[in-house]
Amino acid sequence: MSQYTQELQATAKAMMADNKGVLAMDESNGTCNKRFQQRGIPTTEEKRRAYRELLVTIPNLNEYVSGAILYDETIRQSTKDGVPFPKLMQSNGMIPGIKVDAGAKELAGHPNEKVTEGLDGLRDRIAEYYKMGARFAKWRAVITIGDGIPSRACIESNAHALARYAALCQEGGLVPIVEPEVLIDGNHTIERCYEVTEQTLIAVFDQLHLQNVALDQMILKPSMVVSGKDCPQQASVEEVADATIKCLLDCVPASVPGIAFLSGGQSMERSSAHLNAMNAKYKQLPWRVTFSYARAIQQPALDNWKGEDANVEKSQKLSLHRAKCNSAASMGQYSEEMEKQPAMV
Ligand code: 5MM
């Protein structure tokens, strides 16, 4: 029992509140700049700040989103009126979270595979983020499917790091979001994705147990079990829902309060449809099943914004619509009809 046990349980419960999910807006500067460049937006600190202000000030976002994952630069930034983002989020009923990994780096001795770094000094960084108002954290591991990969070394190294990170978070009062992402890139079948996701989740929970991580005080953020992006045989929505739920039921202990998926490069509509199919068909799951999407919520806002103040309001409405669709999907109440409804723009 850590001194934070009750607080961690309460935070995890609030993050997984009925009908809510988590907004991921924790792109590192490299990723954020890449997305800005693709759309002709200047890659300055001020533009990144303005874009994050657009997101955290979406009116009524808190109806669909319990919290948002920030990046180190973002958690230190403020609105143009000088309100620090974490403070603004708290007063709007959203829990501030923080990405604490230092990114996926080449795994030595294992070509084409990555291991996520960032454990050095993490205890001190967690203490600082807690003081700044963060109440949960996120660490993403990346598993690539390809010829002869993933290796056992890649899966075990990433699982070990995720568990060490999670233990440090709980010691410091942050609920860890444990994110092992099996990438959608490649021509693999859904069956191969299933095998790799299963191996990964088994290794992750083995390491979480080994490091004494309290499973009732963490959130799992997995990828869905899908066909590789370039696989000629694409699984249906129902096949994805069935395979994903079977895999999770086999691997994720019932004491975990919630599963919040990443969208992982799926289209916005597919991300909603897959989540919805799981919740519509499986009503008695041991954990809450919801979203923690970045691209599948942010994309329409980013496309519309173009770095211009005049486009802020419409951009906010477009992303709010995605949050609303995904909130409905987290209750099995999303339908294609929702996509036809004008997003109040
Ligand atoms: C997989 O990425 C996470 C979920 O986003 P999607 O729903 O778009 O798949 C996301 O939180 C990710 O960790 C951040 O975008 C940060 O990524 P980088 O690569 O900048 O650390």
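The values are calculated or read from the model by the stated rules, or taken from the named source; none is laboratory data. The structure presented is a predicted model; accordingly, all values stated were derived computationally and were not measured. Counting neighbours? That spans all protein chains shown, and the Cβs are built from the backbone with ideal geometry, glycine included. The accessibility values were calculated without ligands, DNA or RNA, using every heavy atom of the protein model including side chains. Shrake-Rupley method; radii C 1.70, N 1.55, O 1.52, S 1.80 Å.
Values as computed for the structure displayed
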| quantity | calculated |
| --- | --- |
| Within region 85-186, helices (runs of 4 or more DSSP H) holding 3 or more residues that are among the aliphatic types (A, V, I, L, M) | 122-131, 152-172 |
| Test: residue in region 40-47 that is of a type in the set (Lys, Arg), outside any loop (DSSP other than H, G, I, E, B) and buried (at least 16 other Cβ atoms within 10 Å of the Cβ) | yes |
| Residue that is farthest from the chain's Cα centre (by Cα) [pool: residues in region 51-84 that are closer than 24 Å to Asn304 by Cα and part of a strand (DSSP E or B)] | Ser78 |
| Filtered residue count, region 212-246, keeping only those that are surrounded by fewer than 17 Cβ atoms within 10 Å (Cβ to Cβ) and within 17 Å of Ala137 (Cα to Cα) | 1 |
| Test for Ala134: is it open to solvent by less than 10 Å² (accessible area, probe 1.4 Å), of a type in the set (Gly, Ala, Ser) and within 20 Å of Tyr293 (Cα to Cα) | yes |
| Total residues in region 328-337, condition under 24 Å from Lys221 (Cβ atoms) and either assigned to a loop (DSSP other than H, G, I, E, B) or away from the ligand (no atom under 15 Å from the Cβ) (or both) | 6 |
| Some residue of region 142-157 being touching a residue at least 24 places away in the same chain (Cβ under 8 Å), over 18 Å from the mean Cα position of the chain (by Cα), open to solvent by 10 Å² or more (accessible area, probe 1.4 Å) and closer than 30 Å to Ser91 by Cα | no |
| Boolean, Lys283 is at pLDDT 95 or above and over 18 Å from the mean Cα position of the chain (by Cα) | yes |
| Residue check for Ala296: open to solvent by less than 10 Å² (accessible area, probe 1.4 Å) and away from the ligand (no atom under 16 Å from the Cβ) | no |
| Single condition Val83 does not satisfy, out of (1) among the hydrophobic types (A, V, I, L, M, F, W, C); (2) away from the ligand (no atom under 16 Å from the Cβ); (3) in contact with a strand residue (DSSP E or B) (Cβ under 8 Å, 6 or more places away or on another chain); (4) under 22 Å from Met25 (Cα atoms) | (3) |
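For (1) open to solvent by 10 Å² or more (accessible area, probe 1.4 Å); (2) aliphatic (A, V, I, L, M); (3) more than 10 Å from the ligand (Cβ to nearest atom), each residue gets a yes or a no:
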position	(1), (2), (3)
Asp250	yes, no, yes
Arg270	yes, no, yes
Ala273	yes, yes, yes
Ala280	yes, yes, yes
Gln284	yes, no, yes
Val289	no, yes, yes
